[in-house]
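For reference, the structure discussed in these notes is given below.
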């Protein structure tokens, strides 16, 4: 992964120019949604929503801050750039329909490299039924920058915010946590060995799960579908991008409530536990503070317990309290600790330091 033994021949971006490049990268796009009236190729996209709420979200990925091209394949990066945005749409209990993609590229990037990037973008769009309807390209003097805006739709009665959690609500999370963080730790460890020891190749054997969680995360469309199937509307919801602790406290702060969660209820895959212990890390700390899992963290009314208790894709990890200044975690020894937000901070952290 760190070294390409059979590199492709490369073509310089100057061969196509800005508009030629846009046409080259997007000419095979086929619109899938009725709400996409006009896509790439005009001054603006045209969208039509009838009797629906529109949700809009944007994420920015910057080389050297959010990703390292030494170990991040461009196809994976394109895929991830899309799914981290549509995960935010799902966190509103909405359905993503369109995206725009803007990129700033340096002269070290080739046409073939951007083809790989857009292949990943197109794959994510096809899997999740999303249309690429516009964007922009420009030059960069500081590496690759990707900005994706996602647009979704939802019935007004179904939209879920972060600020409606209430006392006695159950705190639930989909999937498992800490995998993406451990994938990053593994990649950074092998990068360090690769840079410091000539001729040593990275060893990723047995770690497919955590690598996929970091390089190719999947948003939880299935959980949104589950809500519809079993007749549940969360009272509050957020996707786990900054870490369980930080994202749960976002819900608590905006809902003006407190919370209690239980360490032994936090879902952590056994491969994450094993790798964390190998690296002398606490698996629970990784799950609480790691981030980038893109699972859905949500609260539901206590009376909905019977509907959700047998859903294997969801774990109940605690409950909401009325004390808005009290955020706690009960450890495996039944000791109570203050829950502190120590996850990713976009203005303070650098994931590739």
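Nothing in this text is a laboratory measurement; each read-out follows from the coordinates by a stated rule. Quick caveat: nothing in here was measured; it's all calculated off a predicted structure. Every residue, glycine as well, gets a Cβ built from its backbone with ideal geometry; the counts of neighbours run over all protein chains shown.
Which values of log₁₀ I(q)/I(0), to two decimal places, follow from the Debye formula for segment 170-338 at q = 0.08, 0.17, 0.18 Å⁻¹ with a uniform point scatterer at every Cα?
-0.27, -1.02, -1.12
Quick one: compute a quarter of the convex hull surface over the Cα atoms of segment 227-304 and quote it in nm².
Computed as one quarter of the Cα hull surface, the answer is 6.1 nm².
Using Cα pairs under 8 angstrom and six or more residues apart, how large is the relative contact order of segment 170-338, in percent?
Relative contact order comes out at 41 percent.
Report the full-extension gain for the segment residue 265 to residue 56: residue separation times 0.36 nm, less the Cα-Cα distance, to one decimal in nm.
71.9 nm
Please arrange 213, 220 by counting, for each residue, the other beta carbons lying within 10 Å of its beta carbon, fewest first.
220, 213
Rank these for me by crowding, 324, 80, going from fewest to most other beta carbons within 10 Å.
Lowest to highest Cβ neighbour count: 324, 80.
Quick one: divide the alpha-carbon radius of gyration of segment 99-153 by 2.2 N^0.38 Å and tell me what you get.
Normalised by 2.2 N^0.38 Å, the Cα Rg of segment 99-153 equals 1.19.
Just grab the label-to-label distance for residue 225 and residue 256, each label 7 Å out from Cα along the Cβ direction, in nm (one decimal).
Between residue 225 and residue 256, the label points sit 3.9 nm apart.
Using the Cα atoms of segment 123-232, I'd like the radius of gyration and the largest Cα-Cα distance, Dmax, both in angstrom.
Computed over the Cα atoms of segment 123-232, radius of gyration and Dmax are 20.0, 60 Å.
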